[in-house]
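I have placed the structure first, in the form of structure tokens, so that the comments after it can refer back to it.
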Amino acid sequence: MQLFYNPTIDKGTQQITFDKVESRHIIKVLRKTTGDQIKITNGKGELFNCVISIANDKRCLVSIVSREEKKQFREYYLHVVIAPTKNNDRLEWFLEKATEIGIDEITPIICENSERKFIKAERLEKIIIAATKQSLKFHLPRLNKAISFGEFLKKEHHNTVYIAHCEKGEKKLLKNIIKPKEPATILIGPEGDFSSIEISKSIKSGYIPITLGDARLRTETAALVAVQNISFINQ
């Protein structure tokens, strides 16, 4: 199944016009024509079955035939708060793989040791959308604006909050303490790790210090290990 994405569709929408890029993909690459069916999601748990009304490679128009409600197949909520990597490709890789495995929310966090303090949100959003379509998911993960560590710490959190760090001290192995169906927020630091002050402040704020194993992992690897651990626990 080929899945397309359009965030503007709602219950009152009857027709959708694709932009030049998507229109060309539908007509020139997939060789679709008038009367052919395509499927579209709005990333909010809805699937729309559509028929091509105008097969134009610059302005493809489709009409909605039916609508389906698609429930989230996962029974847990996962929010990963990750420091942007120095090499932007590695962050993009994480977002792609995490979306495929299962994640609900991502927040880029700027820390004391962060080497990258600016992200291209539009580019990252495109990565998430492409991975959502490729993995045939109907719920688009939410990408939040980048925020400083201090600002994030001040926010009220309804999930269980964890911080993964490399400093010595009492830490629990994530896979041993995470509970099935438990909504979780996990903080993953930059290449230079969270600072001692950041770790101390987070623990005082109720964050649970965790480890992901004995190996020292890159930021994006650590984040993906956390995502996979939680996915496995919820199988």
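The values are calculated or read from the model by the stated rules, or taken from the named source; none is laboratory data. None of the values given here were measured: they were computed from a predicted structure. Note: ideal-geometry Cβ built from the backbone for every residue, glycine included; neighbour counts use all protein chains shown. The area values use the complete protein model at the heavy-atom level, side chains included, leaving out ligands, DNA and RNA. Shrake-Rupley method; radii C 1.70, N 1.55, O 1.52, S 1.80 Å.
Tabulated data
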read-out	value
Where LEU217 falls short, out of the listed (1) in a loop (DSSP other than H, G, I, E, B); (2) more than 26 Å from TYR76 (Cα to Cα); (3) free of Cβ contacts under 8 Å to residues at least 12 places away in the same chain	(2)
Test for PHE232: is it open to solvent by less than 10 Å² (accessible area, probe 1.4 Å) and either within 15 Å of ALA83 (Cα to Cα) or free of Cβ contacts under 8 Å to residues at least 60 places away in the same chain (or both)	no
Single condition ILE64 does not satisfy, out of (1) open to solvent by 50 Å² or more (accessible area, probe 1.4 Å); (2) over 18 Å from the mean Cα position of the chain (by Cα)	(1)
Matching residues, the stretch 181-221, being β-branched (Val, Ile, Thr) and exposed (fewer than 13 other Cβ atoms within 10 Å of the Cβ)	ILE197
Strands (runs of 3 or more DSSP E) contained in the stretch 1-114 and holding at least 3 residues within 22 Å of GLN134 (Cβ to Cβ), touching a helix residue (DSSP H, G or I) at 6+ places or on another chain (Cβ under 9 Å) and modelled with pLDDT of 95 or more	78-82
Residue match in the stretch 125-145 (condition: of a type in the set (A, V, I, L, M, F, W, C), under 23 Å from GLY192 (Cα atoms) and either surrounded by 14 or more Cβ atoms within 10 Å (Cβ to Cβ) or under 19 Å from the mean Cα position of the chain (by Cα) (or both))	no
Selection within the stretch 8-24 - farther than 11 Å from VAL62 by Cα, open to solvent by 60 Å² or more (accessible area, probe 1.4 Å) and of a type outside the set (Ser, Thr, Tyr)	ASP10, LYS11, GLY12, ASP19, LYS20, VAL21, ARG24
Hits in the stretch 76-124 - residues which are open to solvent by less than 50 Å² (accessible area, probe 1.4 Å), under 15 Å from PHE152 (Cα atoms) and of a type in the set (Asp, Glu)	GLU105
Criterion violated by SER23 - all others in (1) in contact with a Lys or Arg (Cβ under 7 Å, 6 or more places away or on another chain); (2) of a type in the set (Ser, Thr, Tyr); (3) within 30 Å of LEU153 (Cα to Cα) satisfied	(3)
